[in-house]
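**Q** Following this message is one structure expressed as structure tokens.
Every number here is computed from the coordinates shown, using simple stated rules; none is lab data. Predicted model, so just to flag it, every value in this text is computed and none were measured. Cβ sites come from the backbone with ideal geometry, for glycine too, and all protein chains shown count toward neighbours.
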Amino acid sequence: MGKPTIPEEEFTYPGSTGCPGCGANLVMRYLLKGLGDRTILSIPACCWAVMPGYWPSNCLKVPLLYTAFEATGAAISGLRAALDVKGVKDVTIVGFAGDGGTVDIGLQAMSGAAERRTDAIYVMYDNEAYMNTGIQRSGSTPWGAWTTTTPVGSTHGFKHEAKKDIMAIMQAHRIPYAATVSVAHPEDFVKKVAKAKEVKGFRFIHALSPCPPGWRMNPMHVVEVARLAVDTHAFPLYEIENGRVRITRKGKGLPVSEYLRFQGRFSHLTDAEIAAIQKTINENWEMLQTKETSGT
Amino acid sequence: MRQVMTGNYASAYGAKLARAEVIAAYPITPQTSIVEKLADFVATGELKAQFIPVESEHSAMAACIAAETAGARTYTATSSHGLTLMHEVLMWASGARLPIVMTNVSRAMAPPWSVWVDHMDSIAQRDTGWLQFYCQSNQEALDTIIMAYKVCESSAVMLPAMVVMDAFILSHTSEPVDLPSQELVDSFLPPYSPDLKIEVGKPMGFGSLVKPDQYMEFRYKAMLGMKASRDRLLRVEQEFKSIFGREHGGLLERYMCDDADVVLVAAGSVAATAKDVVDSMRTKGHRVGLARIRSFRPFPHDEIRALAAKVEGIAVLDRSYTFGSAGAMYTETKASAYSINKRPIMKNYIAGLGGRDITPRVLEKIFEDIQVVSKRGAEDEVEWVDVAGLPRRWR
Amino acid sequence: MTKSYEEIPLTPISDTPSTINLTGYWRVMRPVVDKSKCKKCTICWKFCPDAVIKLVDGEPFIDLQYCKGCGVCAFECPAKCIVMVKEGDL
Amino acid sequence: MIEVRFHGRGGQGVVVASEVLAKAAFKMGFEVSSFPFFGVERRGAPVTAYARIDERPIRIKSSIYEPDYVVVLDSSLLRGVDILEGLKEGGRVLINYPSGRKLPELPRRFKYYIIDATSIAAAHGIGSQTAPIVNTAIMGGFAKMCDKISLDPVLESIREVAPSKEEENVAAAKEAYERTIEATV
């Protein structure tokens, strides 16, 4: 009999209104396993603003402050300030936002919170588009993806702009800790979150969060797709501790087509376009390895 | 103790005396010296508070909302574009029923760029569910902050309040202000202790999604809070008077209105100038009065109705304009007076936009005009005052 | 059922476990566990997005009141002891 | 009511001069109000500030158009700025003016007082030698020009508002008080 490789205690109730196979549900589940119940969350507009359920339903066993779309960074600063002035210690403040709420509309407030060194963990669960509103492109949608605002037509088709490198943006803020995590590697996920919890200052967690409806895939493949993202280096796992980059999982180096083929959002791509994606991934992976070797 | 200070410093002292615990603010002309002073108070330890130097006004309000939800008394200050940037989260603060108090140094909106006074910024926030108090002196700016916490933190109210102070005319004008002692303020204003706050061990979600079958009940409750704020304000002001020995006129301050034939309704610093004008016109035998809208939200419906029943003409001066309609103070004053039997003639004067000085002479002319209009009716119900190119001379 | 304004808090504060939402009704495909093949590896438990799998001595019990039938458990099970069957079929 | 207008340049402390006057008058038991011309002028641009002094509480919030007194912190403003605009008949003007130089042609219906506040401020080491800060010194001159304002409360106010060199500022104001003279035009 195997022993569970992640903490057994659950901090979520069943009955969330997330879609079947929702990656963001797994992100929350692993996050709270790593943090425990002395945690206060702030969540802006995103899928997770809806997933706890209609009032008075709540699928979380920790307190939660809903906030406006662009305001997560400010909300966590406000929560921390209130706890500080009241002398409440040993509480982890967490901003938990989607990719749109982080790299687009929430970037300013998050940047402010990071610059102010707000003592909080900011988690971006990245489903690579505005999924709560029905799959519109975000700054975090990767090149080549179909979304409802990057429709595949005869003239333009799919998204022709690269995904923002939020980890590099956060690294440029000189924060003490940033890490990427995957729902396919919960042990690594929980470990990094637990590590982040012990760091003081602004910490950032970038979680890839596969979205069955938005990625046009079978919900049962959610974990597999997340795994392939790591193994193809489309979403490498690494951490940046006090500026030093460390790759935490090498991955198998599989061709990116393995990752793409599960996802209908990439089904229109030609071989040449897939090759272009592969080229970018290779370059990014090279660059990441160079960063690791050089220490920055 | 009375000291000579600007409206901005008076406001900073107001927040300090109210023992604000979290202050999140972003600089904007002409509000800056409020937050500079508060940052000083926090830096020197004179005020035990957390100062969050946010990166925008939107974040200022969002941070105040979060801190207030966690049980801290919060304060911020802004102006003009900063206030309008906050618009979304202003609604959030009232919907979340958080008694945040904020000073707005009222300043015109661009374009044309202007750093000078008018009320467009705050009037544009009238539907956000905030109480709105318009001040005519630096003393009132200070006192109103302290009173506003007491009004808003009452469990029957639990709504945020905006203390509006005219750009430069109050914010940068030095005048004597009585700075009450901390002990006295403490005896008036107890620490903030909400029934519910966000805290570990209580897994609650604050501000969640509500279906159409339940949404209206929450809004109804907020309406009841605003309604309750009316009497609460009157009671709090009486208590304030008994401790501090001064008051500022409730929701609608009436000056020489009892036997007046015509009155001017106005808000903000211009009302102070208008009192001088009333006095000088009275010496010449004109029965004129001034009614100052101190609380625009809640609106002084009852007071306006009572006033309208006694006078022949009401001039309403708006330092803003609602495009496609009239000045907001006017439409609301007129609406309040509608249900009485014998209604006075009313006319709206749009004046003082973008810092255009409203001189005693201009006010005297408005009084003279409403005296005439109240006898034979207005040709134009809404008149723009002192606009170059229009036929009427005002200076 | 709409509650009277007198029975609700000032602002929507959610304090009721989401177990009031019987999301099992959403399910189209149902996981069926062949306990005889189960190696008790707990992987199905680990990857359940809705945390509806309970472990009893390492063996999974899927709470069908809440299981949405995503099939992640079936796909991830190394022993292939979970199969997805159409609701209504057995 | 006494109404005073101050002329200077951005960076010369014109607003502080008006505050010194307001605080001094307040110490003498007057009601006061002082305010800048609400502008966004930067260093060097001509700026104005105002003060009102009265026995009764001051309610009026509109600007001052017909002052009783005018204070000019920088004599170069006599060119280009109408410092006498609206000045009441018999009004008094205090000008920071180099000693030994004759005032330009000015209307005789006003009274003029001059003080070389620049030299005094420089001698007391207030500001730099090239750009002395004259706003405290000149207020000593104001106490001399205006019968209703005494020197001591002015000095007290200067102590309150001076960011540094309190005693130097006070000494400069005292010297200015002694040396302010009515000028003939």
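**Q** Is region B:252-384 rounded, prolate or oblate when judged by the Cα gyration tensor, a ≥ b ≥ c being the square roots of its eigenvalues, rounded requiring a/c under 1.5 and prolate requiring a/b larger than b/c?
**A** In terms of gyration-tensor shape, rounded.
**Q** Still on this model: Near the amide H of B:PHE51, under 5 Å away, which other amide H atoms are found, from residues 5 or more places off or on another chain, if H is placed in the peptide plane?
**A** For B:PHE51, whose amide H was placed from the backbone, the distant partners under 5 Å are B:ILE23.
**Q** Can you run phi through the Karplus equation (6.51, -1.76, 1.60; θ = phi - 60°) for region A:135-148 and list ³J(HN,Hα) in whole Hz, with x for Gly and Pro?
**A** The phi angles translate into 6, 9, 4, 10, x, 9, 6, x, 4, x, 7, 7, 9, 5 Hz.
**Q** At 7 Å along the Cα-to-beta-carbon direction for both D:ASP54 and D:LYS148, put a label point, then send me their distance in nm to one decimal.
**A** Taking the two extended label points, one gets 1.0 nm.
**Q** Taking H as built 1.01 Å from N, whose amide H comes closer than 5 Å to the amide H of B:MET5, not counting residues under 5 places away?
**A** B:GLU175, B:VAL177
**Q** Short version: ³J(HN,Hα) in whole Hz for each residue of region A:160-170, in order, from phi by Karplus 6.51 cos²θ - 1.76 cosθ + 1.60 (θ = phi - 60°), x for Gly and Pro, what are they?
**A** Residue by residue, region A:160-170 yields 9, 10, 6, 5, 5, 8, 5, 5, 5, 4, 6 Hz.
**Q** Counting only other chains, and only Cβ atoms inside 10 Å, what mean value do you get across the residues of A:270-283?
**A** The shielding value for this peptide is 0.
**Q** Moving to a separate point now. What's the center-to-center distance, using Cα atoms, between region B:159-206 and region D:30-84 in Å?
**A** With region B:159-206 and region D:30-84 each reduced to a Cα centre, they are spaced 34 Å.
**Q** What is the list of residues in region A:90-119 whose amide nitrogen lies under 12 Å from a point 7 angstrom out from the Cα of A:GLU161, following Cα to Cβ?
**A** Hits in region A:90-119 for A:GLU161 at 12 Å: A:104-105.
**Q** Taking 35 Å as R0, compute the FRET efficiency from the Cβ-Cβ separation of B:TYR220 and A:VAL88 and round it to 0.05.
**A** 0.55
**Q** Follow-up question, since we're still on this one. By its C-alpha gyration tensor, with a ≥ b ≥ c as the square roots of the eigenvalues, how is chain D shaped: rounded for a/c under 1.5, else prolate for a/b larger than b/c, else oblate?
**A** Here chain D falls in the rounded category.
**Q** Can you give the FRET efficiency for A:SER257 and B:ASP213, using 1/(1 + (r/R0)^6), R0 = 45 Å, r = Cβ-Cβ distance, to the nearest 0.05?
**A** 0.40
**Q** Suppose the chain between B:SER187 and B:ARG376 were pulled fully straight at 0.36 nm per residue; how much longer would it get relative to their current alpha carbon spacing?
**A** The B:SER187-B:ARG376 span can extend by a further 62.7 nm.
**Q** Next up: Starting from the alpha-carbon convex hull of the protein assembly as shown, give the projected area averaged over all orientations, in nm².
**A** With every direction weighted equally, the projected area is 47.8 nm².
**Q** How large is the dipole of the protein assembly as shown about the Cα centre if only Lys and Arg carry +1 and Asp and Glu carry -1, each at its Cβ, rounded to the nearest 20 debye?
**A** Around 1060 debye, computed over the protein assembly as shown.
**Q** Would you please give the residues with an amide H less than 5 Å from that of A:ASN132, counting only those at least 5 places away or on a separate chain, with H modeled from the backbone geometry?
**A** A:CYS47
**Q** Cα to Cα, under 14 Å, and not fewer than 8 places away if on the same chain: which aspartates and glutamates meet these conditions relative to C:LYS46?
**A** Candidates past the 8-residue exclusion: A:GLU8, A:GLU9, A:GLU10, A:GLU187, A:ASP188, A:GLU224, C:GLU59, C:GLU76.
**Q** Shielding of A:19-25 by partners, i.e. mean partner chain Cβ atoms within 10 Å per residue?
**A** That average works out to 6.
**Q** Assign unit charges at the C-beta atoms only (+1 for Lys and Arg, -1 for Asp and Glu), then state the dipole size of chain A relative to its Cα centre in Debye, rounded to the nearest 20.
**A** 480 debye
**Q** Residue-wise, which Karplus ³J(HN,Hα) couplings in Hz belong to region C:15-29, taking 6.51 cos²θ - 1.76 cosθ + 1.60, θ = phi - 60°, and x for glycine or proline?
**A** Along region C:15-29, the couplings run 9, 9, x, 5, 5, 5, 8, 7, 6, x, 5, 6, 5, 9, 10 Hz.
**Q** Normalised by the number of residues in chain D, what is the relative contact order in percent for Cα pairs under 8 Å and 6+ residues apart?
**A** 22 percent
**Q** Which distance in Å, rounded to a whole number, links the C-alpha centroids of region B:294-316 and region A:115-136?
**A** Value for the Cα centre distance between the two parts: 49 Å.
**Q** Output the peptides B:56-65, B:93-102, C:45-54, C:73-82 sorted from most to least packed, where packing is the average of other Cβ atoms within 10 Å over each peptide's residues.
**A** B:56-65, B:93-102, C:45-54, C:73-82
**Q** List the pairs from D:LYS102/D:LYS174; B:LYS48/B:LYS241; D:LYS61/D:LYS148; B:LYS48/B:LYS275; B:LYS202/C:LYS54; C:LYS39/C:LYS86 whose alpha-carbon separation is above 29 Å, in the order I gave them.
**A** Violating the 29 Å limit, Cα to Cα: B:LYS48/B:LYS275.
**Q** How high is the FRET efficiency between A:GLU115 and D:PHE110 when r is their beta carbon distance and R₀ equals 60 Å, given to the nearest 0.05?
**A** The formula returns an efficiency of 0.60 here.
**Q** Taking the Cβ of B:ILE314 as the center, what net charge do the other residues with Cβ under 9 Å away carry, scoring Lys and Arg +1 and Asp and Glu -1?
**A** +1
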